[in-house]
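For reference, the structure discussed in these notes is given below.
Please treat every number below as a calculation from the coordinates, not as lab data. Computed from a predicted structure; not experimentally measured. Neighbour counts run over all protein chains shown; Cβ positions are idealised from the backbone, glycine included.
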Amino acid sequence: MSNVVRANALHLGALPNHHAGNPVSIVIDDVCFWYGAKQALKNISLDIYANEVTAFLGPSGCGKTTLLRCLNRTNEIIDGARMTGRILLDGADIHDPELEAPMLRRRFGWIAQQPNPFPRSIRSNILYGPKLQRLFAHRDEEDALVERSLRAAGLWDEVKDCLNKRGDDLSIGQQQRLCIARALAIEPEVLLMDEPCSALDPVSTARIENLIDELRERRTIIIVTHNLQQAARISQRTAFFHLGELLEAGDTRDIFLNPQNRRCRDFVTGRYG
């Protein structure tokens, strides 16, 4: 057993496995995607389960982030972009002509690779989205939302006495938790995380991972990560991508300990990637 597999096996015992009783939250059905003439995704079919973390693994440029952006329809603002296939959220087609894209995007929270707080106060960062969408009318509601969002992101106790401090003056780990709190403020059903810990130190990474495990109790979470140990620690299901194709998907334990696809096996054992 390689060191990579041994380390992953230890992590796999830490969190609950995929539970067959959890409902399917998102159905990705035969999705292809092109940037102009370049095809980035090829016939992707995948079920994403509610109240679980699904990790997207694979080498750089294999389509992981492209698929994330298909889910919240942010790819469609790119000139020349084109998608075929279907994506269902709670049984409804996200491209239904009667569904407005801004309303659909409210159901998804996005956490970027690099923390990107706005250059304004912590409080203003949290309230930006809700004010834009006119989710409340009174100051008391704003105060309650700020506290609720910061508590959910595990940041309230650290910043409750300095809510007027600029968000970009926080430490890098605190900035990322602020961005998570900002995403939670619009009460999304799904969190899309694109390598959220790649810029963080081990202590900040551990805090984010613990937070992800707490957040999945009420939300569906999809995370793109290049960190195999992280995927083993926090996800219940894993999907492995290569050159725009989905080569294998299933319970994280099975993907790491008994992968069926050769490229997937080579990747999770550290032979390439």
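Brief remarks follow.
- Under 17 Å from the Cα of LYS38 - lysines, other chains or at least 8 residues apart: LYS64
- Sorting the segments 90-99, 237-246 by their mean number of nearby beta carbons within 10 angstrom, highest to lowest, gives 237-246, 90-99.
- Straight-distance crosslink candidates among lysines, where the alpha carbon sits under 22 Å from LYS160 and sequence neighbours closer than 8 are dropped: LYS131
- Net charge, SER25 excluded, C-beta distance under 10 Å - Lys, Arg +1, Asp, Glu -1: -3
- Rounded Å value of the spacing that divides the Cα centres of the range 239-273 and the range 178-193: 28
- The chain, dipole about Cα centre (Lys/Arg Cβ +1, Asp/Glu Cβ -1), debye to the nearest 20: 560
- Whole-number percent relative contact order across the range 118-186, with pairs defined as alpha carbons under 8 Å at least 6 apart: 52
- The range 120-273, relative contact order [Cα under 8 Å, separation at least 6], %: 17
- The alpha-carbon of LYS42 sits under 12 angstrom from the alpha-carbons of these aspartates and glutamates, leaving out residues fewer than 8 places away in its chain: ASP29, ASP30, GLU245.
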